[in-house]
Structure formats: C-alpha cells, structure tokens
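Every read-out reported here was derived from the displayed coordinates using simple, explicitly stated rules and does not represent laboratory data. In this text, all values refer to a predicted model and were calculated from it rather than measured experimentally. In this analysis, Cβ positions are derived from the backbone assuming ideal geometry, glycine residues included, and neighbour counts consider all displayed protein chains.
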Amino acid sequence: MVKKVLVLSNMYPSLKYPHYGIFVKNTNNILEQSGYQVDCIAITKTKNKFIKLFKYLFFVLKAIYSLNIKKYDLVYVHYPAFSAIPLRFWIRNKNKLIVNIHGNDLVPEEERDKKYIKNTDIAVKFSDRVVLPSHYFEKEFEVRYPNYKKENIFITPSGGVNRDIFFPKSKLEALKELKLSSDYKYIAFVSRIEINKGWDLFIEAVKYLKDLIPEFKYIIVGSGIQEDLLEKMIQENNLEDYIIKYDYLDHKQLSSVYNAIEILSFPSLRKSESLGLVGLEAMACRAIVVSTRGTGPESYIRDGDNGFIMENSTGLDMKNEIIKILNMPVSERDQLKLNADKSTEFYSKENTLKSFKKFINTL
C-alpha cells in the first residue's frame, strides 16, 4: 500500500517566481521517488498584500482541515515558523511528523522573525525527525535545542544539486545562450535582493573593480524588497554600463550564467544562510565561489582549495579576493575549478535521493 504524506509550506515556486521555495519542490520530488503519494499545501509568492493575506488564510484553513479530516502516514512541515501554525489545531493520531528547518525559522534575522519562532519550538517538540540543510546549521539548532536527540536529526542539502542541469560546458556556448558579448569576462551575484544577502557588498566591490579590470562586466540575478535601493546604489556609483540585471532565470539559464562567469560573489551576511545551494550549483559548473565566514557555504567551501572564504565581509575585501583569484596562475585556477566540481558530487541529487530514502525508511 502506498504511503501518503501531507507537505505544508509557506514557500513554493511558481512560473513567475521559479526559485522561491525550490527546495520544497525538490524535496517533494524526492518523497515521490521514495514511494510516497504527496499532497502539498503551499503558498506561492505574490507582491499584492491583499492576495498574500488571502493565500495565508486559505493555507491555514486548508491545512487544519487536511490534518484532521484526511488520513496521512506522514506530515512534513517546511519552514515551521509559519507553516507549523496549523499544528496547533491538529488532533494527532498515529501520524509521523518531520520538521524541515531552512533558515530564519531557526535563526531570526528581523524582529518579525522572532514573533514566529515559538511555532518552530512547538513543531520541534512534537517532531519525530528534524531535517536540516547542513552541519553548520546543525550547530545553530543545537544552541536552541540542546536536549533534542541527535539521532533524530537528518542533514540533507535541500534536494541536492541536479547535475543533469548544473554541469560544465563551453563558455562560448553559455555566453551565446545568454546573448552576452564574448568581448568581456563576467563576475556574478545570484541571490534575493534583501537585507544582509550581500548585494550591497557586491556593488561596492564593482565600484572598486570597474577601473582595475575594465575587461569585466557584472551580472546580478535576483529580485526582492530592496531592489529600489539596489538601483539607487547602481546609479549613484555610475555603474549602469557595467551591470547586467536579471530578475529571475530558470535553472537552465542559471547554469549558463555559472558557465559564463569566472567568479560567483556570494557574500551573504545572514547566519540563517543555512546552506547556500546557489554556491554548490555554481561550483558544479566550475565557477570559483567567494563567500563569507560563519554562514552555510563554509560547510562545503575549503578556502583556497575549491573556493574562497573571506575573513572580513566588506566590498573592499570582496574586491581584494577577486583580484587575488585573477592574479593566480591559470593552472592553479583550473585546478581549483576542478576541485570545486568534484566536491559537489557528494551533494548531487542522486546521492541526496539515496540518503533520503534510507532516512525516510527509519520512520
């Protein structure tokens, strides 16, 4: 008999926002490949406040109904700071509960995040297993929940890297797909344009770099609540001719970005940056990733071997790191790119599926 799982998440990708909550979609695919029938109640992104409020109300009501009326073998909750609210109204039977924590649902970044952490506390208390994206985040989890049984924690990289999409290919081919000029070389930033995601550090670095390495241009992929500030900073520093901006790209196009660039700047300042799948996907395409200390990417980047970790998090430090990389002998850079690619094999979708199947069978 096929087992049924109810997945609850307040983040899920849509055609307009294909990367918003992509880790939830990835996990659903893995659950299905593990033999589960998946019912998913999730919220897709909207910028309209009234539609957003309606979606959240509908989510809560539908989740409460499904939890109490329908029969499931397993309930899987992503981002419990909000998605666990329906659990407060759950008359639990023999269902197993898995709680998947991703970021600021454990480590609050803003005051509003702190209001919902109690929902995470409740979900963790009643969980049979907790899923975390990295060993870095496991340490953060243990700070808040020191008495939680370690054997009930499962580490998995948010669905893993799809190496059928993210793999090395011709730089010229990638540039052609993106309609970018081969007269320039490129450095990229890929992330949401939000507080402490590091977009401002990237712009500061570009300000220093534009005259030092005039053969380079800079790609930004992402959108978010601070886009107006981003545009203002670009204009104030007269960088319009140096920066190419995309709001969203699908995974195939992102793969082309990673293959077209020399370096990915990934300077997140968020302690809630629990993994940083973007970094792994770029490394699988043999891009050199520069990230920050004390965040998720530090769990897979070995400084100087398969990428770089900055000691300090400023635009000037990012500039210095980029110049250091470009001044490396070509043979050393090539070896580092090979190391980056090889080190992502552990995080592949295939390996993630195998370990997840093994984990899910322990329930």
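Work out from phi, with θ = phi - 60° and the Karplus expression 6.51 cos²θ - 1.76 cosθ + 1.60, the ³J(HN,Hα) of each residue of segment 319-333, listed in order in whole Hz, and give x for Gly and Pro.
For segment 319-333, the Karplus-derived couplings read 4, 4, 5, 5, 4, 4, 5, 5, 8, 5, x, 4, 4, 5, 5 Hz, x marking Gly and Pro.
Is there a pair in K245/K319; K169/K357; K171/K245; K25/K70 whose C-alpha atoms are over 27 Å apart, and which pairs would that be?
With Cα atoms farther than 27 Å apart: K169/K357.
Could you tell me the calculated FRET efficiency between Q235 and E215, based on Cβ-Cβ distance and R0 = 25 angstrom, to the nearest 0.05? Write down the numbers at each step before the final one.
Values: r = 23 Å, r/R0 = 0.93.
Efficiency for this residue pair is about 0.60.
Tell me the relative contact order for segment 171-347 as a rounded percent, counting alpha carbon contacts under 8 Å between residues six or more apart. Mind dumping the intermediate values first?
Working: 306 pairs, mean separation 41.3, N = 177.
The normalised contact order for segment 171-347 reaches 23 percent.
Can you run phi through the Karplus equation (6.51, -1.76, 1.60; θ = phi - 60°) for segment 93-99 and list ³J(HN,Hα) in whole Hz, with x for Gly and Pro?
Taking θ as phi minus 60°, the curve returns 10, 9, 5, 8, 10, 10, 10 Hz for segment 93-99.
Show me, for segment 21-34, the HN-Hα J-couplings you get by feeding each phi into the Karplus relation (A = 6.51, B = -1.76, C = 1.60, θ = phi - 60°), rounded to Hz, glycine and proline as x.
x, 4, 5, 5, 4, 4, 5, 4, 4, 5, 4, 5, 5, 8
How far apart, in nm, are two points set 7 Å out from the Cα along the Cα-to-Cβ line at D334 and at F58?
5.5
Return the loop-located GluC sites (Glu not before Pro) in segment 235-341 (DSSP other than H, G, I, E, B) with at most 10 other Cβ atoms within 10 Å of their own Cβ; answer none if there are none. Spell out each step's value before the answer.
Working: sites: E236, E240, E262, E273, E281, E298, E311, E321, E332; in loops: E240, E262, E273, E311.
Sparse-neighbourhood loop GluC sites (Glu not before Pro): E240, E311.
Take the Cα gyration tensor of the chain, multiply each eigenvalue by 5, square-root it, and list the three semi-axes largest first, rounded to whole angstrom.
Values: eigenvalues 271, 94, 71 Å².
So the equivalent ellipsoid measures 37, 22, 19 Å along its semi-axes.
What's the center-to-center distance, using Cα atoms, between segment 62-100 and segment 287-309 in Å?
A separation of 36 Å, based on Cα centres.
Considering amide H positions built from the backbone, and no H for Pro or chain starts, which residues 5 or more places from S348, or on another chain, come under 5 Å of its amide H?
For S348, the qualifying residues are V161.
Using r as the Cβ-Cβ distance of Y208 and D183, and R0 as 30 Å, what FRET efficiency do you calculate, to the nearest 0.05?
Calculated transfer efficiency: 0.85.
By how many nm would the segment from D113 to V2 grow when fully extended, if each residue of separation counts as 0.36 nm and the alpha-carbon distance is taken off?
So the extension gain works out to 36.2 nm.
Any chance you could check the Cα centroid distance between segment 219-285 and segment 343-363 for me, in angstrom?
28
Which of these, F50, F59, F89, has the largest mean-square fluctuation under a Gaussian network model of the chain (Cα springs below 10 Å)?
F50
Looking at segment 171-347, what % of the alpha carbon pairs are farther apart than 29 Å?
Of the Cα pairs, 11 percent sit more than 29 Å apart.
At 7 Å along the Cα-to-beta-carbon direction for both E311 and I69, put a label point, then send me their distance in nm to one decimal.
Reported label-point gap for E311 and I69 is 6.1 nm.
For the Cα atoms of the chain, what angle does the longest principal axis make with the long axis of helix 227-236, in degrees from 0 to 90, nearest 10?
Long axis of 227-236 versus the principal axis of the chain: about 10 degrees.
On the first, second and third principal axes, largest extent first, how far apart are the outermost C-alpha atoms of segment 276-363 in Å?
Answer, in whole Å and largest first: 50, 28, 15 Å.
Using Cα centres only, tell me the gap between segment 27-57 and segment 116-144 in whole Å.
21
Label N152 and L363 with points 7 Å out from Cα along Cα→Cβ: what is the distance between them in nm?
According to this spin-label approximation, the distance is 1.4 nm.
Can you give the Kirkwood hydrodynamic radius for segment 1-127, in Å, rounded to one decimal and based on Cα pairs? Numbers along the way, then the final one.
Values: mean 1/r = 0.0670 Å⁻¹.
Final number for the Kirkwood radius of segment 1-127 is 14.9 Å.
Given a Förster radius of 41 Å and the C-beta distance between Y248 and N93 as r, what FRET efficiency does 1/(1 + (r/R0)^6) yield to the nearest 0.05?
For R0 = 41 Å, the calculated efficiency reads 0.50.
Aspartates and glutamates within cross-link reach of K16: Cα-Cα under 13 Å, excluding same-chain residues under 8 positions apart?
Within the straight-line cut-off, K16 pairs with D247, D250.
Using the Cβ atoms and a cut-off under 15 Å, what net charge is assigned to the surroundings of E177, where Lys and Arg are +1 and Asp and Glu are -1? Intermediate values should be presented prior to the final figure.
On the way: positive: K169, K171, K176, K179, K252; negative: E173, D250.
Around E177, the charge tally is +3.
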